[in-house]
Structure formats: structure tokens, C-alpha cells
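Read the structure below first, then the notes.
The values are calculated or read from the model by the stated rules, or taken from the named source; none is laboratory data. The structure displayed is predicted, hence computed values, not measured ones. Don't worry about glycine lacking a Cβ; one is built from the backbone with ideal geometry, like all the others, and counts go over all protein chains shown. The protein model used for the area step is the full one, side chains on, heavy atoms only, and it has no ligands, DNA or RNA in it. Shrake-Rupley method; radii C 1.70, N 1.55, O 1.52, S 1.80 Å.
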Amino acid sequence: MGKLAADQLTLSYDSTVIIDGVDLKIEEGKITALIGANGCGKSTILKSLARLMAPKSGTVLLEGKDIHRQPSKEVAKKLAILPQSPQAPEGLTVEELCYFGRHPHKKLLSKHTQEDHDMVEWALEATGMIELKDRTLDALSGGQRQRAWISMALAQGTDLLLLDEPTTYLDISHQIEVLELLKKLNRDHGRTVVMVLHDLNQAAQYADYLISVLDGKIYNAGTPEDVFTQPFFREVFGLECCIMRSPIDQKPMCLPTGLCPKLRAK
Amino acid sequence: MYHSAKRRSSSRLMMFIIALIIFIFGLGLNLSVGASDISIIDSLKYLFVWDGSKEQLIISTLRLPRTLIGVFVGASLAVAGALMQAMTRNPLASPQIFGVNAGASLFVVASLVILPASPYSSVIFAFAGAAAGGAIVYMIASSGGMTPVKLALSGMAVHLFLSSMTQAIIILNESGEDVLYWMTGAIDGSNWQDVITIAPFSVIGIGLALVFSGSVSVLGLGDETAKGLGQNMNGIRILISLIILILSGASVAVAGPIGFVGLLVPHIVRKLIGEHYQYVLPFSALFGAILLVYADVLARWIAFPYESPVGIVTAIIGTPFFLYLARKGRNLK
């Protein structure tokens with residue numbers, strides 16, 4: 001079984017149920033993308049998988065055990081989460097930010113160990129931020145800043161990397177910069193990546209598995225080929241579209257041709 | 001490999017040494033200035049060499065406790081302010097803006113009127129008042145998300161309300177100028193009993209803050225990131241709040257509500273040495289002590305030969321700085 005899974009997960013804000021009895025399993029060593037319309041609860045699922053949000057009922061299982069019954073610091077050594085558009089104090093340098101990734105490994109009053117230094121250097125190297133490590137975050141482009149945050153998550157040294165909309169607010173070249181980095185981390189360094197993505201074609205191109213969310217339930221899940229069907233686009237996004245194959249790698253792509261007649265009538 | 005990190009840490013060390021020299025000079029200046037003239041060298045010498053002269057008696061019974069109170073109060077308020085700004089991620093947070101000083105003052109003044117004052121009872125009242133003031137402001141300001149503007153507005157409103165209550169008590173009881181003088185923040189009447197009162201709280205509070213400085217830094221990354229890094233959020237928040245109450249409560253108990261130290265110092269420190277609280281906190285303690293020790297020297301010169309409350313001096317320095325922050329705050333959202 002996978003390292004990370006959810007069992008009958010029900011999530012709610014106050015009394016509003018957002019996610020209702022969902023089962024899911026994250027494939028180890030693969031890239032998984034959570035997709036769905038705005039407000040469908042995909043980010044909520046991701047937060048809950050990262051134990052940032054306690055379930056109303058059901059459990060999130062990390063290595064087979066309830067994630068909320070494990071010490072948060074121990075979880076942080078196995079799973080890193082990058083929230084949507086995270087904020088840091090102005091004036092923090094890339095390297096300083098990256099060192100925060102070692103927080104779960106640090107004991108009170110202890111100094112950084114050689115392992116900490118090595119991990120940080122590796123994380124900066126892997127994200128291509130080593131030359132920029134002395135820059136402050138406010139002096140970086142959007143894509144560089146996101147890479148700096150990813151370097152922090154990497155420095156945690158976890159197998160699991162969860163990211164909430166890592167490409168939001170970035171222009172297209174910076175989006176590709178981030179997605180290519182995540183692909184490299186997956187392929188070359190064996191990281192299991194779970195992310196929420198808005199762009200469906202990017203999700204199909206970069207993820208091995210897609211999980212689509214509709215009305216608090218999982219609508220369908222599987223490889224991009226399995227998930228990209230006409231009924232899927234109609235029911236989850238209310239779109240008529242033409243499904244094609246990428247001429248490069250044969251991954252499915254969608255070309256929206258209009259809204260569903262049913263929705264247009266509304 | 002860690003070239004730049006080394007360079008930064010050596011510049012921090014330089015800055016620390018320079019600050020330490022300024023601090024020691026300030027101690028000497030603070031001890032030497034007053035009604036009877038004693039040179040800086042002599043006053044520092046009297047600390048270590050006992051000759052039983054009149055000057056030495058003045059230093060050891062009158063001036064040294066006052067100087068030490070300046071050191072402890074300055075360091076405590078600055079560290080309390082730094083912790084508040086870190087915890088709320090809000091640049092305007094400080095013991096004064098947060099209603100903590102005003103709450104502590106109200107409770108202390110009320111206790112002076114209701115109960116005869118022993119130093120420890122006023123400390124306990126100061127803690128209770130600090131907690132009450134801080135809790136009220138926090139509750140009002142954090143409903144629906146705390147912004148710098150909301151904190152400043154609700155903090156000022158509560159501050160003014162609590163301060164006028166305090167003034168009402170003073171006026172109704174005709175307790176006279178002593179309490180009013182104390183209300184501005186004054187350390188010129190300090191004695192050894194005050195030093196004994198604040199020293200343990202100051203040392204324990206700042207010490208604890210330093211031990212947990214790594215976690216304080218992590219709070220700066222926001223709730224979700226900090227939680228994701230395995231930080232126990234409730235635990236660290238409760239701990240930091242307790243430290244803040246201890247530090248600012250004990251300061252108000254011995255020196256009255258001295259303003260602006262907790263707001264001003266952490267900003268200057270972060271500008272100079274960066275955002276890591278393992279450096280921000282000790283530097284804040286040192287800079288806070290420096291600020292108050294020098295402000296106390298100025299307080300003696302303003303209306304020489306009469307003494308002025310040191311709170312007036314910190315307000316004169318602090319007000320323009322606060323306005324500068326408020327102007328800058330427009331871009332902070």
C-alpha cells in the first residue's frame with residue numbers, strides 16, 4: 001500500500017461539510033494532481049492529507065497510522081507541505097528560508113549539524129537556487145521565489161512533497177519552471193509529489209495520476225488517459241471539449257469548445 | 001562554501017561588540033551624570049573598588065539600582081515587543097499598542113489605592129492587568145483576521161480607555177503627583193528592592209525567549225507553513241504570551257508604563273541583523289537596555305537640575321518613528 005492514504009475522510013468548515021467520506025491512496029514515487037472546479041474542496045483535501053486540518057470523521061493514514069496521532073515533528077520528517085502563496089518576512093534570504101526546512105530535525109538549543117548544512121546545500125542545488133542563496137526573497141521573480149520555497153520543503157528531507165497550487169499567480173514560463181522542477185525531483189530524486197493544479201492540460205502532462213473532485217466526492221481517479229473523458233469535462237467543469245493527444249508525448253489534452261447546453265440555459 | 005554565512009555572522013559579531021562598547025559607555029555615563037559630579041571612569045571604578053567615599057555611597061545606593069532598572073526594563077520591554085511582533089506577524093505590535101502596559105498600570109494603580117503597596121503585590125497586579133489588557137485587545141483585533149490597522153485602532157482605543165480609568169482613580173483618590181509621575185514611566189526613584197523585584201522575571205523571561213527563539217522564527221512563516229514544519233502552534237503561542245506578560249508586567253510594576261521601547265527596538269534590530277530571532281532577541285535585549293540607559297541620561301538633562309520621567313524621552317524619540325511606521329504601513333495592506 002501507499003505511504004499516504006485517506007479512509008472515509010469527511011472534512012468540514014464549522015458545520016459545512018466540504019468533503020464527504022472520501023477514500024484515496026497516493027501512489028508512491030509518482031506525481032499525483034488533484035483537480036476540480038473552484039471551491040470543490042481539492043485544497044481542503046490536500047491540507048488534511050498534510051495534517052493541517054483535522055478531519056470531522058475518518059482518518060488520514062501516513063505509513064498506515066493515523067497522521068493526527070503521530071507527533072507533528074515526526075510527520076514533518078516524512079511529509080513536507082507547501083501552502084498556497086506562503087508568506088515570509090521581508091528581508092529573509094533564500095538560504096535562511098531553506099534552513100527553516102531543518103526545523104523538524106532540530107532540538108532545542110542545538111546548532112545546525114553537518115547533515116543540516118549538507119541537506120540545505122543539496123536542496124538549493126536541486127532547485128537551482130544555489131547562486132541566488134544570498135538574495136532576499138523580495139528581490140526574486142515569482143518563479144524563483146516559488147523555487148526557494150520548494151527548496152525549503154526539500155530540505156526537510158521527506159519522501160512526500162505536497163504542494164497547494166504551486167503555479168498560481170505565476171506567468172506561463174514560471175509555471176513551467178516550477179513544474180519541470182517538480183518532475184525532476186520526482187524522476188531523479190524519487191520524491192512522491194502531490195499537488196493541486198488548476199491547469200488541466202498541465203496536470204495531464206506532468207502528473208502520472210489525476211484525482212478529480214466534485215461536490216465533496218472523488219469523481220474519478222487514474223491516469224490522465226483514464227480521467228480525461230467527455231462526461232468528466234461535462235460533469236466536473238460543465239465544459240464541452242475535444243480531447244486530443246499531444247503530438248509530443250501522446251498525453252491527453254483538452255480543447256474546450258464551449259459550455260454545456262445545460263449550463264448555458266442557467 | 002558557507003562564505004556569505006560566515007561573513008554575515010562576523011558582521012553580527014562586530015555589531016555586537018560595538019553595541020557592547022556603547023552599552024558600557026552608557027552605563028558609565030548613566031552612573032556619572034547627576035546632582036553631584038562623578039567622572040565616568042571613577043563611577044565605573046567604584047563598581048569594583050571599595051573605598052567608602054561619599055561618591056561611592058551615592059553610586060551604590062542611588063545610581064546603580066537606577067541604572068540596573070534601566071537595563072532590565074529596557075531589555076525586557078524590547079524583547080517583549082519583539083516577541084509580540086513575531087507572534088502576531090504585525091509590525092505595530094508592542095506592549096503599549098497591545099494594551100498590556102495600560103492594563104498593568106490600571107491594575108497597579110488600583111492596587112495602590114485599595115491595598116497598601118508591597119513590591120510583590122504590585123508585580124502580581126501588573127501581571128494580571130497586563131494579561132487583561134492584552135487579552136481584550138487580542139480578542140477585538142483578531143476577530144475576522146488581524147491587520148496592522150485593526151490592531152493599532154483597537155489597541156489605541158483600549159489603551160486610552162484603560163488609561164483614563166487609571167487617571168480617574170488617581171483623581172478621585174487625590175493620590176497626587178507621585179502616581180502621575182510614575183504613569184509617565186519613571187525610573188529615577190528606583191532602589192535595590194525594585195532591582196530584586198524585576199531581575200528574576202527579566203532574566204527568566206529573556207532566557208526562556210532565547211531558548212525558544214528557533215520556534216519564534218518559524219512563526220514568521222505563517223500558521224500553515226509553521227504547522228507543516230511540525231511546530232506546535234498552541235504550545236508556542238501560550239509560552240510566548242506568558243513570557244510577554246512576565247516581561248512587560250514586571251517592567252510596569254517597577255518603572256511604570258514606559259512606551260515605545262518595545263515598538264522601536266525590534267524594528268531597528270531587524271533592519272540591522274535580519275529576521276532570525278535567535279539574533280533578533282539578544283540584540284533587542286541589548287539595544288533596549290542601551291536605549292533606556294541613554295534616555296535616562298537625557299531625562300536628567302532636559303530640565304536640569306530637576307529630573308524628568310524617562311517615559312517622556314522615549315516618547316519624544318518614539319513618536320516620529322511610530323508615524324514613520326504608520327505611513328509605511330499603508331503599503332502593508
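Values computed for the structure shown
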| item | result |
| --- | --- |
| Solvent exposure, largest accessible area first (probe 1.4 Å, DNA, RNA and ligands not counted), of A:His189, A:His198, A:His174 | A:His198, A:His189, A:His174 |
| Considering only chain A, percent of DSSP beta bridges that pair antiparallel, nearest 5 | 60 percent |
| Accessible-area value, A:Asp188, 1.4 Å probe, nucleic acids and ligands omitted, Å² | 110 Å² |
| Residue with peak Gaussian network fluctuation, chain A [Cα springs, cutoff 10 Å], from A:Lys30, A:Lys77, A:Lys107 | A:Lys107 |
| When the convex hull of its Cα atoms is projected in every direction, mean area for the protein assembly as shown (nm²) | 32.0 nm² |
| Theoretical FRET efficiency, 1/(1+(r/R0)^6), r = Cβ-Cβ of B:Ser143 and A:Ala37, R0 35 Å, to 0.05 | 0.70 |
| DSSP bridge orientation in the protein assembly as shown - percent antiparallel, rounded to nearest 5 | 60 percent |
| Integer Hz, Karplus 6.51/-1.76/1.60 couplings in order for the range A:180-187, x for Gly and Pro | 4, 4, 5, 4, 5, 4, 6, 6 |
| Largest-first ordering by accessible area, 1.4 Å probe, given options A:Arg234, B:Arg12 | A:Arg234, B:Arg12 |
| Viscosity 1.567 mPa s, temperature 4 °C, Stokes-Einstein D of the range A:87-157 from Kirkwood C-alpha radius, µm²/s | 109 µm²/s |
| Volume of the Cα convex hull of the range A:103-212, divided per residue and given in Å³ | 120 Å³ |
| Lysine pairs in chain B with Cα atoms under 23 Å, if 8 or more residues apart or on separate chains | 6 |
| Segment B:Lys45-B:Leu172, length gained on full extension (0.36 nm per residue, minus Cα span) | 41.0 nm |
| Kirkwood hydrodynamic radius of the range B:63-332, from inverse mean 1/r over distinct Cα pairs, in Å | 18.3 Å |
| Size of electric dipole in chain B: Cβ of Lys, Arg +1 and of Asp, Glu -1, about Cα centre, debye, nearest 20 | 1480 debye |
| Helix-only [θ]222 nm of chain B, DSSP H runs n ≥ 4, -39500 (n - 2.57) each, per residue, nearest 500 | -26000 deg cm²/dmol |
| Estimated distance in nm for a label pair at B:Lys54 and B:Val113, the labels positioned 7 Å out from Cα along Cα-to-Cβ | 4.3 nm |
| Per-residue [θ]222 nm for chain A (sum of -39500 (n - 2.57) over DSSP H runs n ≥ 4, rounded to 500) | -8500 deg cm²/dmol |
| Built amide H within the under 5 Å cut-off of A:Leu214, gap 5+ | A:Tyr219 |
| Accessible surface buried once B binds A (1.4 Å probe; total of both sides; Å²) | 2500 Å² |
